[in-house]
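One structure is given here, and the rest of the page talks about it.
The values are calculated or read from the model by the stated rules, or taken from the named source; none is laboratory data. No experiment lies behind these values; they were computed from the predicted model shown. For neighbour counting, all protein chains shown are included, and Cβ atoms are generated from backbone atoms with ideal geometry for every residue, glycine included. For the accessible areas, the whole protein counts, side chains as well, though only heavy atoms, and no ligand, DNA or RNA atoms are used. Shrake-Rupley method; radii C 1.70, N 1.55, O 1.52, S 1.80 Å.
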Amino acid sequence: MSHNHGADSAPPSRRSVVKGAAWAVPAVVVAGAAPTVAASAGFLTLNGNACKLPGNSQSTFKGYVFEAISNNVTGPLPRDAIVEITSITVAGSPDLGAYKVVLPGGNTSCTCSCPSLNASHVYCSPDGALNQRVLIYTSADVTGNSANSTVTISYRIYDCAGGSACPSTFISQTSQASLGGTPPVQGPCTIVGAQQFQP
């Protein structure tokens, strides 16, 4: 009996403590990662503003211009981010790749770059950049009857935290907006700077 009593009162071995700590660490890491995933939701949001582009424009972009708002909350992840618009669909009609992304506030620079991506489809969102205006100009592929249509954009977020090279991994997200007073909009375009920055 005294043998059992002595075993119960002995302090835990160093191996037991280390082993217990190893099991405890992943739970902390997972708990810490969850807010990052939650914070990344809605990184780029269509705000419902849209205009029909002039049909007699010399530009190849004779469809629409849509305004979105980008929010890159200050760290930890993503840090600086390269955002690639991978598709845009208006009333079920996809733009076949002639769309262009423009930052009316001026281009910004990130700590990494992705030269292999189509430069017309990407923009930089520095760490902490909030309410960054993003204009997406479409080609004539998506013109037609867009009354009460739904606009959907798909995009990828590349996190620059790993250095200056283009990250090999990304987060995929989508944003959707129902446009009640959809283009063609009568009268002048109400998106500030849309004509000035038309590609």
Quiz item: In this structure, does Gly162 turn out to be surrounded by fewer than 16 Cβ atoms within 10 Å (Cβ to Cβ), more than 17 Å from the chain's Cα centre (by Cα) and within 25 Å of Gly75 (Cα to Cα)?
Solution: yes
Practice problem: Collect the residues in the stretch 51-79 that are at pLDDT 85 or above and surrounded by 14 or more Cβ atoms within 10 Å (Cβ to Cβ), keeping them in residue-number order. | Solution: Val65, Phe66, Glu67, Ala68, Ile69, Ser70, Asn71, Asn72, Val73, Arg79
Quiz item: When only residues in the stretch 166-188 that are at pLDDT below 75 and of a type in the set (A, V, I, L, M, F, W, C) count, which is most open to solvent (accessible area, probe 1.4 Å)?
Solution: Val185
Exercise. Output the residue which, of all residues in the stretch 97-140 that are within 13 Å of the chain's Cα centre (by Cα) and among the polar types (S, T, N, Q), is farthest from Ile69 (Cα to Cα).
Key: Ser125
Quiz item: Which of the residues belonging to the stretch 76-125 are part of a strand (DSSP E or B) and out of contact with any helix residue (DSSP H, G or I) (no Cβ under 8 Å at 6 or more places or on another chain)?
Solution: Val83, Ser87, Val102, Val122, Tyr123, Cys124, Ser125
Exercise. Sort out which residues of the stretch 76-122 are within 23 Å of Ala161 (Cα to Cα), in contact with an Asp or Glu (Cβ under 6 Å, 6 or more places away or on another chain) and charged (D, E, K, R), and write them in order of number.
Key: Arg79, Asp80
Quiz prompt | Residues of the stretch 109-121 satisfying the condition of being surrounded by fewer than 19 Cβ atoms within 10 Å (Cβ to Cβ), closer than 14 Å to Tyr155 by Cβ and either among the β-branched types (Val, Ile, Thr) or in contact with a strand residue (DSSP E or B) (Cβ under 7 Å, 6 or more places away or on another chain) (or both) | solution = Leu117, Ser120
Exercise. Only residues that are modelled with pLDDT under 90 and more than 13 Å from Ser154 (Cα to Cα): list them for the stretch 80-108, please.
Key: Ala91, Gly92, Ser93, Leu96, Ala98, Pro104, Gly105, Gly106, Asn107, Thr108
